[in-house]
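Q: A single structure is presented below for examination.
Every number in this text was worked out from the coordinates using simple rules, so none of it is lab data. None of these values were measured; they are calculated from a predicted model. Backbone-built Cβ (ideal geometry, glycine too); neighbour counts: all protein chains shown.
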Amino acid sequence: TVEGAKKISPISVGEKFKLVEGSAFDPYEFGIVGFLAGIGQATKDTPSWGQGMKGYGIRYAADFGDQVIGNFMVGAVLPSVFRQDPRYFQSGKGSFLHRAGYALSRIILTRGDSGRTQFNISEIAGNGMAAAISNSYHPAADRTLVETGQTLGTQIGVDAFGYELKEFWPDIRRKVFRKK
């Protein structure tokens, strides 16, 4: 998250990959993956994986794979190809609704390496590619257009939630953990 920066320099391809590499094993990622695997377990998603710890473990591994592949596609591979900046640029101004709307808009809009706002092809196509790749480790019965679409929707939803956290977490952190 970039907070209140006045002058922003583009980052190199190597820096884009390093950024994603560092965040791929962030505690937030493990929590989100655990939550998603729990939902899959509770709804008996992919019944062939079974229930119990074994079924949960398989779901966790698959969801972790989805998350990491999606992060690399959205945050490094496609931003490098399309010259887009994968960092989140916090608005930090305006009402709660304005800021929440701004964060949500980052799914569709992003900053290019040029500094100009553009369509976020990295987000949409990157998660689409990740959803398609996930078919390689999901059971054949789940390799349908609907299932792939659901994976894409989940990935975009997780990213939207993440953008909301990135918008408001710096404020929460300052208020809750302020130094006395």
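Q: Applying a 10 Å radius around every beta-carbon, put 149-159, 20-30 in order of their mean neighbour count, most first.
A: 149-159, 20-30
Q: Would you give the gap between the C-alpha center of the range 13-43 and the C-alpha center of the range 159-180, rounded to a whole Å?
A: Their Cα centres are 18 Å away from one another.
Q: Name the residue farthest towards the positive end of the dipole of the chain from the options 154, 38, 8, assuming +1 on Cβ of Lys and Arg, -1 on Cβ of Asp and Glu, about the Cα centre.
A: 8
Q: Two-decimal Rg/Rh of the range 126-178 from alpha-carbon positions, Kirkwood Rh? Mind dumping the intermediate values first?
A: Working: Rg = 16.3 Å, Rh = 12.8 Å.
Here Rg/Rh amounts to 1.27.
Q: Something else: Roughly how big is the range 70-156's charge dipole about its Cα centre, with Cβ charges of +1 (Lys, Arg) and -1 (Asp, Glu), in debye to the nearest 20?
A: Around 420 debye, computed over the range 70-156.
Q: On to the next question. Under a Cβ-only charge scheme (Lys and Arg +1, Asp and Glu -1), can you give me the dipole magnitude of the range 1-98 about the Cα centre, in debye to the nearest 20?
A: Details: 10 positive and 9 negative charges, 51 e Å.
That gives the range 1-98 a dipole magnitude of about 240 debye.
Q: If contacts are Cα pairs under 8 angstrom and at least 6 residues apart, what is the relative contact order of the range 36-180 in percent? Could you put the intermediate results ahead of the total?
A: Details: 141 pairs, mean separation 35.8, N = 145.
It rounds to 25 percent for the range 36-180.
Q: While we're looking at this one, here's another question. Give 16/175; 18/166; 6/166; 7/93 a once-over and call out the pairs whose C-alpha atoms are over 24 Å from each other.
A: 16/175
Q: OK, next. Taking only complete DSSP H runs, can you tell me which helices of the chain stretch 15 Å or more along their own long axis by Cα positions and average at least 0.0 on the Kyte-Doolittle scale?
A: Working: long enough: 13-24 (17 Å, 0.03); 27-42 (22 Å, 0.92); 52-72 (30 Å, -0.13); 121-134 (19 Å, 0.94); 145-176 (44 Å, -0.26).
Membrane-span-like by this criterion, though nothing is claimed about a membrane: 13-24, 27-42, 121-134.
Q: The list (1) 17.0; (2) 18.4; (3) 17.4 gives values of Kirkwood radius over Cα pairs in Å, and only one came from this structure; which label was calculated from it?
A: Matching the structure shown: (3).
Q: Give the residue from 107, 177, 117 lying farthest towards the positive end of the charge dipole for the range 44-180; charges sit on Cβ (+1 for Lys and Arg, -1 for Asp and Glu) and the dipole is referred to the Cα centre.
A: Positive-most Cα among the choices belongs to 177.
Q: Placing unit charges on C-beta atoms (Lys and Arg positive, Asp and Glu negative, everything else neutral), compute the dipole magnitude of the chain about its Cα centre in debye, rounded to 20.
A: 960 debye
Q: Hey, rough spin-label estimate for residue 97 and residue 133, points 7 angstrom out along Cα→Cβ, what's it come to in nanometres?
A: 3.9 nm
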